[in-house]
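First comes the structure, then the notes that go with it.
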Amino acid sequence: MFFVPSFVKAFENDIKDSLGFKKLVIVQLSGGNDGLNTIIPYTNDIYYKSRPNIAISKNDCIKITDEFGINKNLAPLKNLYDKGYLSVINNVGYPNPIRSHFRSTDIWHTASDSNQYLNTGWLGRYIDIYGKKPYSGIELDDSLSLIMKGDVLKGIATKNPTSLYNNTKTPYFKKVLDSQRDVHLSEHNLGYLYKTMIEAKSSAKYIFETSKTYNSTLTYPNNPFGKQLKTTAQLINSSVESKVFYVSMGGFDTHVRQEKKQNKLLQTYSDAMDVFVKDLEQKDTFKDTLILTFSEFGRRVKQNAASGTDHGAANNVFIIGKNLKKQGFYNEAPNLIDLDKNGDIKYTVDFRSIYATILDKWLEVDDATILNKSFSKLGFI
């Protein structure tokens, strides 16, 4: 380690020069959440005719406008809606939609066109250019998703800051660092690995020592998603100099007997999100945090023979924050008459316009540089 003191010092000391104070939390409902049974168009007869067995009845949803109701299992989100903390963007998608979970997730993670293949994620490119440190982006998982991978830097994946720190103190780490101590550092003799491991060790120590300064007094749901959000709140409320966080929750591929399964998942999501927002409010960090919830695609308008729904296209997106410019419903309801040839909702909002808006207006960076092209900005913040 004595061969790189200046590197380590620079790595740890120039954080505040490159990062602001606003945070972005991305939540993916993996598997393709059914948006029509999440935000219910309870006055639309086509909705009920298309879903004779699985549609949410008018009397079984929480009515929030003369047109829309919210799934009763999302009751905590109704509280956020009433406070002006929620904006729902309908009909979000992209041209020539792909109905493969893996490919559509890649498209959302990289902000690519449907026929374009990128090996870096949009948050990874943000970390590369503006974050400068691996811990500028943190994924609350054991492995790193494409969304957090940049050309030069990659974010950090961890479910627990303590476990991450302890892993860097294992004999394996020490052996690799010691074996490279007397070797000239270059790309050809594992110098890159050496540098990466120093970065990982320094990041893990910083995250651990900073995050342990805050412990939540609130009780989160005892499930994986609740634990992910609890750790995210700990990182934000302890002032860890990370900018973007990615959390995912699976199980939304509801081809069979959808109603019971989706309702349970939506309750898991909303219960944990309710505590998460309260945790941030208690520490006065919610005003500087923006939360985006998306799913890689929606579901078909018509139910299938197994009382479920098949892969669709456009879907709704949730924006949660304290200082939203457009609260409630951002745009028009899905058009259930004018569907695409597969019977899916057509998109009217390109998801990359949401990204561009967040990059430009929230994180205050050059969105076109991150997204590789310019997209129109929206007015929700």
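The values are calculated or read from the model by the stated rules, or taken from the named source; none is laboratory data. Keep in mind that this is a model prediction, so the values were computed, not measured. Because the Cβ atoms are built from the backbone with ideal geometry, glycine has one as well, and the counts that use them run over all protein chains shown.
Would you tally the residues in the range 95-134 being part of a loop (DSSP other than H, G, I, E, B) and out of contact with any Ser or Thr (no Cβ under 6 Å at 6 or more places or on another chain)?
Summing the residues that are part of a loop (DSSP other than H, G, I, E, B) and out of contact with any Ser or Thr (no Cβ under 6 Å at 6 or more places or on another chain) in the range 95-134 gives 14.
Taking the stated definitions as given, is Ile62 among the hydrophobic types (A, V, I, L, M, F, W, C), touching a strand residue (DSSP E or B) at 6+ places or on another chain (Cβ under 9 Å) and free of Cβ contacts under 8 Å to residues at least 24 places away in the same chain?
Judged against the criteria, Ile62 is a match.
Among the residues of the range 336-363, which ones are free of Cβ contacts under 8 Å to residues at least 24 places away in the same chain and of a type outside the set (A, V, I, L, M)?
Asp338, Lys341, Asp360, Lys361
Could you identify the single residue in Lys212, Lys243 that is basic (Lys, Arg), over 24 Å from Thr268 (Cα atoms), modelled with pLDDT of 85 or more and crowded, with 20+ Cβ neighbours inside 10 Å?
Unique residue meeting the criteria: Lys243.
Evaluate the following for Asn91: is it touching a strand residue (DSSP E or B) at 6+ places or on another chain (Cβ under 7 Å), outside any loop (DSSP other than H, G, I, E, B), of a type outside the set (A, V, I, L, M) and in contact (Cβ under 8 Å) with a residue 40 or more places away in the chain?
yes
Considering only residues that are β-branched (Val, Ile, Thr) and touching a residue at least 60 places away in the same chain (Cβ under 8 Å), look in the range 113-157 and name the one that is nearest to Gln234 (Cα to Cα).
Ile138
Can you report the number of residues in the range 254-301 which are surrounded by fewer than 20 Cβ atoms within 10 Å (Cβ to Cβ) and touching a His at 6+ places or on another chain (Cβ under 9 Å)?
Residues flagged as surrounded by fewer than 20 Cβ atoms within 10 Å (Cβ to Cβ) and touching a His at 6+ places or on another chain (Cβ under 9 Å) within the range 254-301 amount to 1.
Among residues belonging to the range 58-76 that are aliphatic (A, V, I, L, M) and in a strand (DSSP E or B), point out the one that is nearest to Phe329 (Cα to Cα).
Within the range 58-76, the match that is nearest to Phe329 (Cα to Cα) is Ile70.
Counting just the residues of the range 234-264 that are among the aliphatic types (A, V, I, L, M) and over 19 Å from Gln303 (Cα atoms), which one comes out nearest to the chain's Cα centre (by Cα)?
Val247
Within the range 236-272, track down each residue that is in contact with a Leu (Cβ under 9 Å, 6 or more places away or on another chain) and among the aliphatic types (A, V, I, L, M).
Ile236, Val244, Val247, Met249, Leu265, Leu266, Ala272
Which residues, taken from the range 269-290, are touching a strand residue (DSSP E or B) at 6+ places or on another chain (Cβ under 7 Å) and among the polar types (S, T, N, Q)?
Across the range 269-290, the qualifying residue is only Thr289.
Condition first: assigned to a loop (DSSP other than H, G, I, E, B) and touching a residue at least 12 places away in the same chain (Cβ under 8 Å). Now tell me which residues in the range 367-381 satisfy that.
Asn372, Ser374, Phe375, Ser376, Lys377, Leu378, Gly379, Phe380, Ile381
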